[in-house]
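Student: Below is one structure. I have some questions about it.
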Amino acid sequence: MKRVHRLRKRIDFSRVYRRGISVSDALLVLYAFYNKRNEGFRFGVSVSKKVGGAVLRNKLRRQIKEIVRTRVGLDTRLPYDLVIIVRPRAKMKTFDDLEKSVKYLFKKANLV
């Protein structure tokens, strides 16, 4: 994912949590905030220590980013800040289950 499409700062994550809408399912939570100042979407993933060790958390983070980058079909010009929070139940699921969950959340939030 290109650098311009990444959420990196804590203040940006906090803004999305406070002002954005949220949709969820058993595996993930998606927060979306319409940001007029952006020229395109920005995206971040949050995985708590409750999910598992560092190796597992990073694996899940990489998988979620890959799904959003290649398989969701998100229009990169949409001015949204997006954050996906991974729930502990996701550690037992396959890549295909995560993909279905991400697609469902984006459809539920009317982003696709």
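Student: Would it be correct to say that TYR17 is in contact (Cβ under 8 Å) with a residue 60 or more places away in the chain, within 20 Å of LEU78 (Cβ to Cβ) and open to solvent by 70 Å² or more (accessible area, probe 1.4 Å)?
Tutor: Against the criterion (in contact (Cβ under 8 Å) with a residue 60 or more places away in the chain, within 20 Å of LEU78 (Cβ to Cβ) and open to solvent by 70 Å² or more (accessible area, probe 1.4 Å)), TYR17 qualifies.
Student: Okay, moving on. Could you list all residues from the range 31-55 that are assigned to a strand (DSSP E or B), touching a Phe, Trp or Tyr at 6+ places or on another chain (Cβ under 7 Å) and not small (Gly, Ala, Ser)?
Tutor: Within the range 31-55, TYR31, PHE33, TYR34 qualify.
Student: Could we say that ASN58 is out of contact with any His (no Cβ under 6 Å at 6 or more places or on another chain), of a type outside the set (D, E, K, R) and part of a helix (DSSP H, G or I) here?
Tutor: Considered against the rule, which asks whether it is out of contact with any His (no Cβ under 6 Å at 6 or more places or on another chain), of a type outside the set (D, E, K, R) and part of a helix (DSSP H, G or I), ASN58 comes out as yes.
Student: To continue, here is another question. Please go through the range 14-48 and pick out each residue that is of a type in the set (Lys, Arg) and more than 14 Å from the chain's Cα centre (by Cα).
Tutor: Answer for the range 14-48, where residues must be of a type in the set (Lys, Arg) and more than 14 Å from the chain's Cα centre (by Cα): ARG15, ARG18, ARG19, LYS36, ARG37.
Student: Is it true that TYR80 is open to solvent by 10 Å² or more (accessible area, probe 1.4 Å), more than 19 Å from ARG37 (Cβ to Cβ) and hydroxyl-bearing (Ser, Thr, Tyr)?
Tutor: no
Student: Another question, if that's okay. Is the range 48-61 home to any residue that is open to solvent by 40 Å² or more (accessible area, probe 1.4 Å) and under 20 Å from PHE106 (Cβ atoms)?
Tutor: Yes, that holds for at least one residue.
Student: Same structure, new question: Applying the selection to the range 80-109, what residues are in a helix (DSSP H, G or I) and aromatic (Phe, Trp, Tyr)?
Tutor: PHE95, TYR104, PHE106 - these are the residues of the range 80-109 that are in a helix (DSSP H, G or I) and aromatic (Phe, Trp, Tyr).
Student: Condition (residue is over 12 Å from the mean Cα position of the chain (by Cα) and in a helix (DSSP H, G or I)) applied to the range 61-79: is it met by at least one residue?
Tutor: Yes, some residue in the range 61-79 is over 12 Å from the mean Cα position of the chain (by Cα) and in a helix (DSSP H, G or I).
Student: Regarding VAL112, is this residue closer than 23 Å to ILE21 by Cβ, at pLDDT 95 or above, outside any helix (DSSP H, G or I) and of a type outside the set (Lys, Arg)?
Tutor: Judged against the criteria, VAL112 is not a match.
The values are calculated or read from the model by the stated rules, or taken from the named source; none is laboratory data. All values derive from a computational prediction rather than experimental measurement. Glycine gets a Cβ as well: all are built from the backbone with ideal geometry, and neighbour counts include every protein chain shown. The area values use the complete protein model at the heavy-atom level, side chains included, leaving out ligands, DNA and RNA. Shrake-Rupley method; radii C 1.70, N 1.55, O 1.52, S 1.80 Å.
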